[in-house]
Structure formats: structure tokens, C-alpha cells
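Every read-out reported here was derived from the displayed coordinates using simple, explicitly stated rules and does not represent laboratory data. Bear in mind that the values here come from a model prediction, so they are computed numbers and not experimental data. For neighbour counting, all protein chains shown are included, and Cβ atoms are generated from backbone atoms with ideal geometry for every residue, glycine included.
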Amino acid sequence: MPELPEAEVVAQQLRTHLLGAQLNDCWVGRADIVREGLPTLPWYRGARLEGVARYGKSVALGFHKEGDLRYVVAELGMTGLLLFRATQTKHPQHVHVRMSFTGVRESELRYWNPRRFGRLSLLDQAGLDRYRARRFGVDPLTVSRDEFISLMEARRGRLKPLLMHQQVIAGIGNIYANEMLFRAKLHPNREASRLRKATIIRLYDTMQTVLREAIACGGSSVKDFFAPDGTEGQYKRRHLVYGKEGHPCPNRCGRMIRRLQSERSSFVCPACQICKTLRRLVL
Ligand SMILES: [Zn+2]
């Protein structure tokens with residue numbers, strides 16, 4: 001479940017607590033948790049953590065040693081977490097990687113992933129560049145308004161799957177797509193390329209507001225998300241439609257929030273989020 005806000009919270013905590021640390025040892029419990037670069041693992045011993053970046057829903061740790069830079073990229077994907085040593089997990093057998101550090105207060109970072117949808121990759125600079133180019137579209141927090149307008153106008157297809165298409169816009173998943181579409185008063189099945197420019201701008205502004213508010217709240221703890229220090233994200237309390245099927249619309253329009261069965265669950269208000277072209281199908 002971690003999406004962009006949760007990954008950003010993880011990256012922020014790693015920066016605060018681990019930057020400048022030296023990696024002593026990296027234990028990998030099962031080889032198949034490393035997607036690529038496992039033979040380079042010995043290089044990381046003694047390397048210094050020099051930077052932490054977020055790409056979509058992934059977090060990249062940049063290490064420096066003897067003039068070389070290499071990266072550990074952790075996919076948080078559906079169920080992955082990066083946790084400090086003191087943070088308890090429900091199923092410790094799913095800790096697949098342990099990195100031990102010296103020079104900072106946090107002595108260990110663990111990669112916990114019960115369902116193994118996510119992986120780690122050990123990459124050099126060229127490998128990281130390829131990895132990013134293959135997987136991640138524009139970042140919703142840094143894409144310009146004009147670039148976002150062009151992206152929307154150029155793509156055929158429904159709005160919600162487009163917002164969640166990681167190779168187009170990286171980092172938005174089902175929770176935040178639902179929340180931003182409700183706030184922007186847009187039905188998930190609207191055709192993206194037919195939106196007016198003013199509507200796309202409204203969506204752009206809402207996207208940025210929702211994601212920034214969620215980061216400020218520490219993300220949303222849904223399905224076991226915890227920050228590395230074990231804190232829960234509080235944005236869940238501000239969800240207006242996600243998981244709110246049968247609740248009254250927060251806009252007080254008098255209707256109930258409905259759940260649409262599509263490829264992923266969509267939560268909509270049938271009055272506030274009208275889809276003219278699909279009206280008969282969805283109402
Ligand atoms: Zn409503």
C-alpha cells in the first residue's frame with residue numbers, strides 16, 4: 001500500500017537518522033529479494049550513506065566509497081517497509097534484509113516484506129538511470145502545470161487508471177487517486193483527453209494539495225504502513241471517500257459514497273462526481 005506520501009515520509013526519516021552513516025554489513029536473508037546486482041553486495045561494506053531519494057513509491061539510498069557511487073533501491077510497492085531496529089513487526093520472519101550502520105544513533109535498517117511484491121536492487125549510476133527511465137514517469141510533486149496538462153491531453157483512456165499509471169505519473173496509487181478525484185469533483189472514468197484545460201488545472205492543484213497534506217500528516221496507515229521509527233501516518237483520518245462506502249457524502253449533497261467495481265476499487269459520490277458520457281452505466 002505505500003504510495004508517494006508514505007515513501008516520502010520514509011525517505012525523510014532515513015535522511016534525518018542515517019545520512020552520513022557507514023554501512024558495516026548487509027545481510028540478505030533470501031537471494032530472490034534482490035532483483036539485480038546481488039554480486040555487488042560486498043562493495044557496500046564500509047560505504048557511507050550520502051543521499052536518500054524517492055522515485056515514485058521507491059526509496060533509493062546512495063552510497064559513496066573510494067570515489068564510487070552505488071545505490072540500494074527499495075521498492076515499497078504493496079507491502080514493503082523500511083524499519084529501524086527498535087520498530088517491532090508483526091511477522092519478523094519477513095525481514096529479508098538487514099543493513100547495520102555505525103556513526104549514527106540508528107544502528108540498523110531492515111527491509112520487511114511479507115508478500116514479496118517488492119524487491120531491492122543494487123545499482124551503479126548507469127543502472128539507476130536505466131531503472132528510473134524504465135519505471136517512473138513524471139513526479140506529481142515536481143511536474144509543472146503545463147507538463148501535466150500536456151500529459152493529460154495526450155493520453156487516451158480513463159482518468160483514474162491514468163493517474164495510477166506509474167510510467168506516466170509515478171507514485172499515486174488507489175487511495176490517493178480516489179481522494180484527489182473526489183476533491184476535484186471528477187469521476188474516475190472520465191476520459192482524460194477530453195477534460196477542459198481549467199479542469200486539468202483543478203486536478204493538478206488538488207493532486208499537489210492532497211499529496212503534500214498527506215506527507216505533512218506522515219502518510220496514511222492503511223494495511224500496516226509504518227514509518228521507519230514505527231509511527232503511524234495520520235492522513236487516514238482525513239480520507240473523504242477511500243473505504244467510505246455507504247457513508248454520507250462529505251459535501252453534504254445528500255447522497256451516499258458508492259464503490260465501483262473496476263480493476264481497482266473506486267469510491268465515488270454519484271452526485272458530486274458526474275461522468276456524463278458514462279452516466280447511465282455508473283449511476
Ligand atoms: Zn456528494
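Observations on the structure shown:
- On the basis of the beta-carbon distance and an R0 of 25 Å, Q261 and M78 show a calculated FRET efficiency of 0.80.
- Counted by Cβ distance under 12 Å from R183, the other residues give a net charge of 0, where Lys and Arg count +1 and Asp and Glu count -1.
- Pairwise FRET efficiency - Q167 versus L141, Cβ, R0 = 22 Å, nearest 0.05: 0.80
- A cut-off under 10 angstrom between Cβ atoms defines the neighbours of A192, and their net charge, with Lys, Arg +1 and Asp, Glu -1, is +4.
- Net lengthening on full extension, R194/T89 (0.36 nm per residue, minus Cα-Cα): 33.2 nm
- Residue-by-residue Karplus 3J(HN,Hα) for region 240-251, coefficients 6.51, -1.76, 1.60, Hz, glycine and proline x: 9, 10, 4, x, 10, 3, x, 7, x, 4, x, 7
- By the equivalent-ellipsoid construction on the alpha carbon gyration tensor, region 145-282 comes out with semi-axes of 24, 20, 13 Å, ordered largest to smallest.
- For region 145-282, the number of Lys pairs with C-alpha atoms closer than 29 Å, counting only pairs eight or more positions apart or on separate chains, is 16.
- Taking a point 7 Å from the Cα of A133 along the Cα-to-Cβ direction, the residues of region 45-62 with backbone N closer than 19 Å to it are 55-56.
- Site pair A31 and R237 shows an inter-label distance of 4.8 nm when each label is modelled 7 Å from Cα along Cα→Cβ.
- Per-bin percent of Cα-Cα distances, region 18-156 [10 Å]: 11, 39, 32, 12, 6, 0
- Relative contact order computed over the chain (Cα-Cα under 8 Å; 6+ residues apart), in percent: 19 percent
- Counted by Cβ distance under 15 Å from F101, the other residues give a net charge of +3, where Lys and Arg count +1 and Asp and Glu count -1.
- For E245 and D224, a Förster radius of 25 Å and the Cβ-Cβ distance give a FRET efficiency of 0.75, rounded to the nearest 0.05.
- Helical contribution to [θ] at 222 nm, DSSP H n ≥ 4, -39,500 (n - 2.57), averaged over the chain, rounded to 500: -8000 deg cm²/dmol
- Residues in region 71-89 reached by a label modelled at D124 [backbone nitrogen below 17 Å; 7 Å Cα→Cβ]: 71-73
- Comparing G137, G173, G56 in a Gaussian network model of the chain (Cα springs below 10 Å), the most mobile by mean-square fluctuation is G137.
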